[in-house]
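Remarks on the structure that follows.
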Amino acid sequence: MRETNYKFRVVEHFISINGEGTKAGQLSAFVRLQGCNLNCSYCDTKWANEANALFTSMTAKEIAEWVVTSGVENVTLTGGEPLLHKNVRMLLEELVERNLFVEIETNGSVSLEDFIHISDKITFTMDYKLPSSHMEHTMCLSNFSLLEEKDTIKFVVGTMKDLQRAKDVIDQYKLTKKCHIYLSPVFNRIEPKTIVEFMINHHMNGVNLQLQLHKFIWEPNKKGV
């Protein structure tokens with residue numbers, strides 16, 4: 001039985017384009033939940049992870065109704081780390097029951113086992129934290145066996161060491177055979193052309209370079225876009 005009165009701590013909800021991933025450039029309704037269990041060196045949403053971050057209390061039904069009213073069919077559930085939230089499964093079920101397509105942005109430290117088979121309308125974009133994040137030791141490696149073809153693994157790259165580690169992980173777990181793979185540069189820390197040259201030199205077929213579109217369209221630190 002659903003705990004229908006449960007309130008999620010929503011620090012942002014807005015309509016924009018997806019800046020990353022397989023639906024980059026498409027409209028999406030973003031729902032950002034408060035809090036994260038990691039502290040990545042390059043995090044650009046630290047403000048949303050703080051316990052005192054301002055939030056709006058919303059039930060799963062209220063969130064779903066806001067999305068439906070917006071007229072946008074894609075939902076991006078992000079954070080922080082959205083899968084840490086109590087009753088998040090209830091929110092996911094509420095969204096897919098409205099015939100919405102949900103992308104969950106997850107940081108790679110939380111097991112996906114309880115969420116992966118809820119609906120084909122849900123996809124996962126899972127980070128693998130590389131050395132410069134200082135969070136690689138938190139990665140839940142069992143998730144590699146759970147992800148499906150529709151899902152994505154994202155490597156956020158800040159250094160040449162990160163690039164080499166990403167290649168090693170991709171090769172070791174044969175990730176290009178499992179799902180979509182993206183390399184994403186830390187903004188202003190590594191040049192995208194450096195990543196392209198590395199991809200060419202190492203024959204990284206089946207791997208995609210992605211740039212965060214929203215940081216080129218708007219001021220890089222702007223919220224709500």
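The values are calculated or read from the model by the stated rules, or taken from the named source; none is laboratory data. These figures come from a predicted structure and were not determined experimentally. A quick note on method: Cβ atoms are made from the backbone with ideal geometry, for glycine too, and the neighbour counts reach across all protein chains shown. SASA here: full protein model, heavy atoms, side chains in, ligands and nucleic acids out. Shrake-Rupley method; radii C 1.70, N 1.55, O 1.52, S 1.80 Å.
With contributions of -39500 (n - 2.57) from each DSSP H run of at least four residues, the per-residue ellipticity at 222 nm computed over the chain stands at -6500 deg cm²/dmol.
For the cross-link pairs Lys161/Lys223; Lys177/Lys215; Lys129/Lys161; Lys129/Lys150, the ones whose C-alpha atoms lie over 24 Å apart are Lys161/Lys223; Lys177/Lys215.
Taking the Cβ of Asn74 as the centre, find all other residues whose Cβ is under 9 Å away and add up their charges (Lys, Arg: +1; Asp, Glu: -1). Result for the local shell: -1.
If you build a Gaussian network model of the chain, linking Cα atoms that sit under 10 Å apart, which residue out of Tyr128, Tyr182, Tyr42 swings the most? Of Tyr128, Tyr182, Tyr42, the Gaussian network model singles out Tyr42 as fluctuating most.
Taking the protein heavy atoms of the range 100-225 in the context of the full set of protein chains, the accessible area attributed to carbon and sulfur is 51 percent at 1.4 Å. The long axis of helix 88-97 is offset from the longest Cα principal axis of the chain by roughly 80 degrees. Dividing the mean sequence gap of close Cα pairs (under 8 Å, 6+ apart) by how many residues the chain holds gives a relative contact order of 18 percent.
For the range 1-62, GluC sites (Glu not before Pro) meeting the loop criterion (DSSP other than H, G, I, E, B) and having at most 12 other Cβ atoms within 10 Å: Glu3. Electrostatic bookkeeping for Lys154 treats Lys and Arg as +1 and Asp and Glu as -1; over the other residues with beta carbon under 11 Å from its beta carbon, the sum is -3.
Helix 160-172 and the longest principal axis of the Cα set of the chain meet at an angle near 80°. Summarising the amide proton neighbourhood of Asn208: residues at separation of 5 or more, or on other chains, whose placed amide H is nearer than 5 Å comprise Ile181, Tyr182, Leu183. Restriction of the GluC sites (Glu not before Pro) in the range 117-177 to DSSP coil positions whose beta-carbon has at most 10 other beta-carbons within 10 angstrom yields Glu149. Packing-based ranking of 27-33, 209-215, 92-98 yields 27-33, 92-98, 209-215, ordered from highest to lowest mean Cβ neighbour count within 10 Å. If you model the range 1-112 as an ellipsoid using its alpha carbon gyration tensor, with each semi-axis the square root of five times an eigenvalue, the axes come out at 20, 18, 13 Å, biggest first. Think of the chain as having a plus end and a minus end, set by charges on the Cβ of Lys, Arg, Asp and Glu; of His117, Phe187, Gly79, Phe187 sits farthest toward the positive end of this dipole.
Under 20 Å of direct C-alpha separation, and excluding same-chain neighbours fewer than eight residues apart, Lys7 reaches these lysines: Lys61, Lys86. What is the diffusion coefficient of the chain in µm²/s, taking the Kirkwood radius over Cα pairs and the Stokes-Einstein relation at 4 °C with a viscosity of 1.567 mPa s? The Stokes-Einstein estimate is 72 µm²/s. Within the full protein context, the accessible area of Val169 is estimated at about 0 Å² for a probe radius of 1.4 Å. Charging the Cβ of each Asp and Glu at -1 and of each Lys and Arg at +1, and nothing else, the dipole of the chain about its Cα centre rounds to 320 debye.
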